[in-house]
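Just below is one structure, and these are the notes that go with it.
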Amino acid sequence: MTTAAVPMRERENYLNQEYGIKSWLLTTDHKRIALLYLLSITFFFFIGGFFALLIRLELLTPAGDLVQADTYNKLFTMHGQVMVFFFLIPAVPAVLGNFLIPIMIGAKDLAFPRVNLLSWYIFILGSALMLYTILNGGVDTGWTFYTPLSTEFLTTNVVAAAMAIFVVGFSSILTGLNFIVTIHRLRAPGMTWSRLPLFVWANYATSIIFVLGTPVLAISLALVGLERMFHLGIFDPRLGGDPLLFQHLFWFYSHPAVYVMILPGMGVVSEIVACFSHKRLFGYRFMALALIAIAVLGFLVWAHHMFVAGISLYAALIFSFFSYMVAIPSAIKVFNWTATLYKGSISYTTPMLYAFGFIGLFTMGGMTGLFVAALGVDVHVTDTYFIIAHFHYIMVGGMVMAYLGGMHFWWPKISGRMYPEGWGKLAALLIFIGFNLTFFPQFILGYMGMPRRYWQYSPEFQVLNVLSTAGASILAVGYLLPMVYFLWSMRYGKIADDNPWGAAGLEWMTTSPPTTSNFDEIPTVTWEAYNYDQLTEVPVERQ
Amino acid sequence: MSDSSPTLAAHQPGLQHHFATMEQQTDASVMGMWVFLVTEIMFFGGMFVGYMIYRYMYYGPWLEGSQHMDFWWGTINTAVLLCSSLTMALGVRASQLGQRRMLVTFLLITILFGLGFLGIKSIEYHGHWVDGQFPGANFRFSGPNPAQVELFFSFYWAMTGFHALHVLIGIGLVTYVVYRSWKGAYGPDYHNPVENVGLYWHFVDIVWIYLYPLLYLISHKHLSG
Amino acid sequence: MFEHFPFWPARASTSAGQVDALFIFLLLLCGLVCLAIFALIIVFALRYRRRAGHQAEHIEGSNALELTWTVVPGCIFLCIFVWGAYIYFQERTPPEGAADVYTVAKQWMWKFQHEEGQREINELHVPVGRDVRMIMTSQDAIHSFFVPAFRIKQDVLPGRYTTAWFHATKPGTYHLFCAEYCGTMHSGMIGDIVVMEPAQYQAWLSGGGSTLPLAATGEKLFSELGCSTCHRSDMQGRGPNLVGLFGKPVLLEDGRTMIADENYLRECIQNPTLRIPKGYKPIMPTFQGLVSDEQLNALVAYIKSLKQSQPKQAAGSSVAAASQQPPATQVH
Ligand code: HEA
Ligand code: HEA
Ligand code: CUA
Ligand SMILES: [Cu+2]
């Protein structure tokens, strides 16, 4: 299967088939669109990260001294909005999913290539609005836009920010729609549902959420916008409007959206763990089922964000109960990954290090989810740094790790070059250490009672905050490294084999990088996913 | 790149390169449309849920608000929209049978009905506006619970407004399809875009079928009974 | 446990101990499970590392194992759920006879008023060993009443009352934070909860000069605003008799039955025609915008004090007599 001897430049592939700006901006090739997304979200990651660093610097001392109170409020608002809507939600689906799903199921493209391009342009339109918001003085609603604060009491660019997120929402909707139809209709002959790689299953589950949840967010933000612009008083308490209605609508989307920010990562990690254990995933069917179960149950728990908001006692009981139900499939996944290692042949490449990091940090973040789903405990820790730590453990410790792991894993396929392994391991280690130093102290801070979104705080919280800020600076270095060496490797990296890891999956059976139509001939699939028993291992030295 | 450029199939109805068969292509696009309609249901669903909750909480003001709906315009508009759905369906049938002229005619009538709907809606809107029934500074209402009645009107404007926006988009889409059919793009083997636009049109119609009773009917009946 | 551990919040209410107990249980449980998982991962990773002469063994899966790690965590989760719900239930159910503190939150301060009439800003004095119930509302955005040492938190909403209660157990001064983001000075919307020995507290109460009890203020308002013209305890008024109303179910014109709690009273005064008790006409004028949140609190406190058996218990008899006189200003 390895035809490594032929230098890359001589083979035609999707990168060198055509050059020039137009060939990129008008492309309908899912792989090129994936790269367009990659550029866009990386840009936003650094913007969001920049805000995060300013947040951390402000919190170095208890007094509000570095920036003004209003500025601080804008910083965490835009940090949250940028990171969630412009980085993490599109990260794995729109970049890796876009690139890989058609190849993994043996298709030449997504079902609607032009819609795919359109969704990127919609993303760019939303980005433009977000950048306008940022440059025009920012917005300070908190990423949650709670009414009536957002509708009546703030004087910042609320409408622009709501519009920005409204617009990128449609980009997600179209991506999800495209994935669903593609996975249903474009599978290669023999690629049955039970042979799909888990990465595809994960993106399928994600797409369900995109399609069902995003429109509800869209309408709630649209109503906030209308309320500000035309005084349509849907949420206005002075008209008898219920301020909790907005929270219900917002979380109806945004809780499922947190699973959008983890399911694709679970898909990535499944691929990596199987590959570097050189073994079929333990309990494939349960893994696939668990993904769908999370997506579906995820729609039944939204009000667990509102336990102290004034909902009725019985509502709280129900939503707490379902929060525990949705944790069960997550537990299944963690146990199956662990079991996959058993009697495997495990190599510690960079992607695998990220996968280990993911499993560990996701487990910790998820378990603190069990703390906050317990009604009695949540009353104390909600809206404190405990929550901040809970979700950064999952979203940064989990999902960003999975995303980076996936980028390393498929980098040879995407770019045709290998990244430098030594640097890769160093960065993974730095990120792991920096991450824990940043966010572990926040659990303690939270239980001690430090509220979130606080520009100034009482002095007894300072020690832990200093630790956290120190960690964030290590984290920043850790994140800059891959940026640098990925760019470096595009030119100087070792040329990659078609299948450098000895991995299973159709994407490894085509060339690196693939040609524009992915396959010379559409393969007919006659084997199960993760048929590692039929593949030779790549010895450690050669990786 | 060239083989998948946006201009592909612009003149020749045909198979796009990444589909194996025409049937697969049609299946995919119909499924895509249905999935899209699901997202639309969720979009309007948010407002319907809000309406229901408030209707329960503020029953009186909701009754009061309904009295200010123009029953006759609403009913006529319902008829107009239903007729447009009929002509739309006839148009789709014409495209399946390959009757280009019929197709164009029916779609044009559909557009007219759509415009008629919007026209009537704007007459209503104008009336509400003049009567001070637009929420905000100009809102005027002299009965009890003006605030909650204003809330009702907020819903009225938001729900019918988004619906009208959808009708407008629908008219745009139908216009595009008319243009393409005029050019002869659709025939018995390829008329998928007509079908999809038809689905969208019917969906918009159905949304109105829910809006009409909720806003105009329920409470009228209640009062007379 | 943890009394002197620097990274643990003070524990100064009855529910604090309960929350801590569940929290520590969760720490131990999750800590153990985490350690077990990490240990397995490390052991497997080392033991089965890729090396010459070692091959992966291909294992499909195991239904028995899957069942185990679905059911066992599921049962554990259920236990946590029940425990958490139990604590929440107690936190949400104020005991009979708690002392009410009426709270109005606004950007960015806390205003408290005791039943006895004392007003405080950003500072709340309470005695040890008494159940205290906070009846809270906001004048603008959503705020949240958070006292880490008591482990309680409750959002404060505009346009309605939300409640929370606590039973302080240890004298001291504790943080009060606003925990719901509410605009520029959210982080400045803080204060102190001063828990005092009962004797000290009594001294503090009487130290503030003579203040009218809240219910008495309410009674005065009740006649000043003209409420008493329609609501008379002799059943002769055009409005319903309010004596003994509080806490009872009320049958409404539209067939619904509502409990006359604080929120009901508040709504009746602000939007009287939305809830019409059976048998009455919607003639009561709205008082929205005419009474401030503080005045509303006083009215509610007064109506609550109108107990069936001794209707004039809360207020002095002189004030009660005043309510029989025609009001100075007609409201409608
Ligand atoms: C990717 C994102 C993501 C994910 C996956 C999750 C997963 C979970 N979350 Fe989290 N959450 C957020 C992102 C996420 N969350 C965000 C962003 C917020 C705050 C938003 C804001 O207010 O700004 C939040 C807030 C939040 C709250 C509200 C807190 C508050 O504001 O008061 C709650 C409450 O129930 C909660 C619960 C859970 C639960 C039960 C899970 C579960 O799905 C976790 C399941 C996983 C596990 C449990 C680990 C693996 C399990 C095992 C190894 C089993 C063995 C264990 C035992 C037997 C003990 N989350
Ligand atoms: C979804 C993804 C996501 C990600 C990836 C992150 C990443 C990080 N977050 Fe964020 N965070 C949120 C989502 C996310 N966060 C959300 C939703 C909130 C809630 C907002 C709200 O309350 O409304 C929040 C809130 C939040 C707070 C609480 C603020 C408050 O409540 O007052 C803090 C505080 O420490 C924080 C810190 C960090 C840090 C240190 C990182 C680090 O991981 C970031 C590391 C990255 C970098 C450091 C970038 C490195 C780049 C450079 C160094 C280059 C410099 C830049 C330029 C030259 C342009 N975050
Ligand atoms: Cu008040 Cu935050
Ligand atoms: Cu959630």
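A simple spin-label model places pseudo-atoms 7 Å from Cα toward Cβ; at A:N531 and C:L212 they are separated by 8.9 nm. Rounded to the nearest 5, the antiparallel percentage of DSSP beta bridges internal to the protein assembly as shown is 70%. Under a model in which nothing but the beta-carbon of Lys, Arg (+1) and Asp, Glu (-1) is charged, the protein assembly as shown shows a dipole of about 960 debye around its Cα centre.
Per-residue SASA remark: C:D140, around 20 Å² accessible (1.4 Å probe; ligands, DNA and RNA not included). Each stretch of four or more DSSP H residues adds -39500 (n - 2.57); spread over every residue of chain A, this sum gives -20500 deg cm²/dmol at 222 nm. Projecting the Cα atoms of C:A99, A:P243, C:L27 onto the charge dipole of the protein assembly as shown (Cβ charges, centred on the Cα centre) puts C:L27 farthest toward the positive pole.
A Cβ-based charge dipole, computed about the Cα centre of chain C with Lys and Arg at +1 and Asp and Glu at -1, lands at about 360 debye. Between A:V466 and C:M109, the C-beta separation translates, for a Förster distance of 41 Å, into a calculated FRET efficiency of about 0.85. Per residue, chain C reaches -11500 deg cm²/dmol at 222 nm when only DSSP H runs of four or more residues are counted, each adding -39500 (n - 2.57).
Have a look at B:A164, A:G446, A:T192 and report the one farthest towards the positive end of the charge dipole of the protein assembly as shown, computed about the Cα centre with Cβ charges (Lys/Arg +1, Asp/Glu -1). Going by the Cα projections, it comes out as A:T192. From the Cα gyration tensor of region A:1-116, with a ≥ b ≥ c the square roots of its eigenvalues, which class applies: rounded if a/c is under 1.5, or else prolate if a/b is larger than b/c, or else oblate? Judged from the Cα gyration tensor, region A:1-116 comes out prolate (a/c at least 1.5, a/b above b/c).
Post the alpha-carbon centroid distance, region B:120-166 to region B:69-103, in whole angstrom. First find each Cα centre; the distance between them is then 28 Å.
Normalised radius of gyration (Cα atoms, divided by 2.2 N^0.38 Å) for region B:21-224: 1.17. Our compactness index for region A:357-457, the C-alpha radius of gyration over the empirical 2.2 N^0.38 Å, is 1.30.
How much of the accessible area of region A:302-363, in percent, comes from carbon and sulfur atoms when a 1.4 Å probe is used?
Carbon and sulfur atoms account for 79 percent of the accessible area of region A:302-363.
With the dipole of chain C worked out from charges on the C-beta (+1 for Lys and Arg, -1 for Asp and Glu) around the Cα centre, which of C:P240, C:Y201, C:F166 lies farthest toward the positive end? Of the listed residues, the answer is C:P240.
Counting only protein heavy atoms and a probe of 1.4 Å, the accessible surface of chain B is 69% carbon and sulfur.
For chain C, the longest piece that avoids every one of the trypsin sites (Lys or Arg not before Pro) found in DSSP loops with at most 11 other C-beta atoms within 10 Å covers C:52-255. The residues of region A:375-480 expose, per residue, 25 Å² of accessible area to a 1.4 Å probe. Antiparallel beta bridges, as assigned by DSSP with both residues in region C:9-141, represent about 55 percent of the total such bridges. For region A:477-496 versus region A:328-382, the spacing of their alpha-carbon centroids is 28 Å. Of the two radii for region A:27-537, the radius of gyration is 0.96 times the Kirkwood radius, both from the alpha carbons; that is the Rg over Rh value. What angle, in degrees between 0 and 90 and rounded to the nearest 10, separates the Cα long axis of helix C:293-305 from the longest principal axis of the Cα atoms of chain C? It works out to around 80 degrees.
Given the alpha-carbon gyration tensor of region B:78-171, what are the semi-axes of its equivalent ellipsoid in whole angstrom, ordered largest first, with each equal to the square root of 5 times an eigenvalue? Don't skip to the answer; put the middle values down first.
Values: eigenvalues 288, 23, 17 Å².
Calculated on Cα positions only, the semi-axes equal 38, 11, 9 Å.
Region A:438-530: which GluC sites (Glu not before Pro) are DSSP loop and have at most 12 other beta-carbon atoms within 10 angstrom? In loop regions of region A:438-530 (DSSP not H, G, I, E or B), the sparsely surrounded GluC sites (Glu not before Pro) are A:E521.
Put a plus charge on the Cβ of each Lys and Arg, a minus charge on the Cβ of each Asp and Glu, and nothing anywhere else: the dipole of region C:99-206 about its Cα centre is then about 180 debye.
Using C-alpha pairs under 8 Å with a sequence gap of at least 6, the mean separation divided by the residue count of chain B gives a relative contact order of 31 percent. Ignoring the sites themselves, chain C has its longest run without GluC sites (Glu not before Pro) in a DSSP loop having at most 12 other Cβ atoms within 10 Å at C:97-332. Taking each DSSP H run with n ≥ 4 as -39500 (n - 2.57) and averaging over every residue of chain B yields -26000 deg cm²/dmol at 222 nm.
From the square roots a ≥ b ≥ c of the eigenvalues of the alpha-carbon gyration tensor of region C:1-68, which class results: rounded (a/c under 1.5), prolate (a/b over b/c), or oblate?
Details: a/c = 8.35, a/b = 2.52, b/c = 3.31.
Judged from the Cα gyration tensor, region C:1-68 comes out oblate (a/c at least 1.5, b/c at or above a/b).
Can you work out the FRET efficiency for the pair C:W204 and C:L252, with r the C-beta to C-beta distance and R0 = 35 Å, to the nearest 0.05? Between C:W204 and C:L252 the formula returns 0.20. Normalising the Debye intensity of region A:57-127 to I(0), with uniform scatterers on Cα atoms only, and taking log10 at q = 0.13 Å⁻¹ returns -0.57. Label separation (B:Y176 vs A:R285): 4.4 nm, computed from points 7 Å beyond Cα along the C-beta direction. Summed over both chains, the area buried between A and B is near 3500 Å², taken from the accessible surface of protein heavy atoms with a 1.4 Å probe. Panel values: chain C, Kirkwood radius from alpha carbon pairs, Stokes-Einstein at 20 °C and 1.002 mPa s, translational diffusion coefficient 90 µm²/s. Taking the C-alpha atoms only, the angle from helix C:198-207 to the longest principal axis of chain C is near 40 degrees.
Would you mind classifying the protein assembly as shown by shape? Square roots of the alpha carbon gyration tensor eigenvalues, ordered a ≥ b ≥ c; an a/c under 1.5 is rounded, otherwise it is prolate if a/b is larger than b/c and oblate if not. Oblate shape, in that a/c is at least 1.5 and b/c is the bigger or equal ratio.
Applied to region C:124-138, the Karplus parametrisation 6.51 cos²θ - 1.76 cosθ + 1.60 on θ = phi - 60° returns per-residue 3J(HN,Hα) values of 9, 9, 9, x, 5, x, 10, 6, 10, 10, 8, 10, 10, 8, 10 Hz, with x for Gly and Pro. Within chain A, the selection of entire DSSP H helices by a Cα span of 15 Å or greater along the long axis and an average Kyte-Doolittle value of at least -0.5 returns A:30-58, A:113-135, A:158-185, A:198-230, A:243-260, A:263-277, A:284-297, A:313-341, A:350-373, A:401-415, A:421-448, A:462-492.
If the limit is 23 Å between Cα atoms, which of C:K111/C:K153; C:K106/C:K248; C:K153/C:K307 go over it? Pairs exceeding the cut-off: C:K106/C:K248; C:K153/C:K307.
Nearest 100 Å² is fine: how much accessible area is buried between A and C, summed over both sides, with a 1.4 Å probe?
7600
For region C:65-135, the antiparallel share of DSSP beta bridges with both residues in that region comes to about 70%. For chain A, lysine pairs separated by 8 or more sequence positions, or belonging to different chains, with Cα-Cα distances below 14 Å total 4.
Take every pair of alpha-carbon atoms less than 8 Å apart whose residues are at least six positions apart; their mean separation over the length of chain A yields a relative contact order of 19 percent.
The values are calculated or read from the model by the stated rules, or taken from the named source; none is laboratory data. Predicted, not measured: the structure shown is a model, and the values here were computed from it. Cβ atoms come from the backbone with ideal geometry, glycine included; neighbour counts cover every protein chain shown. In case anyone asks, the SASA skips ligands and DNA or RNA and just uses the protein heavy atoms, side chains included. Shrake-Rupley method; radii C 1.70, N 1.55, O 1.52, S 1.80 Å.
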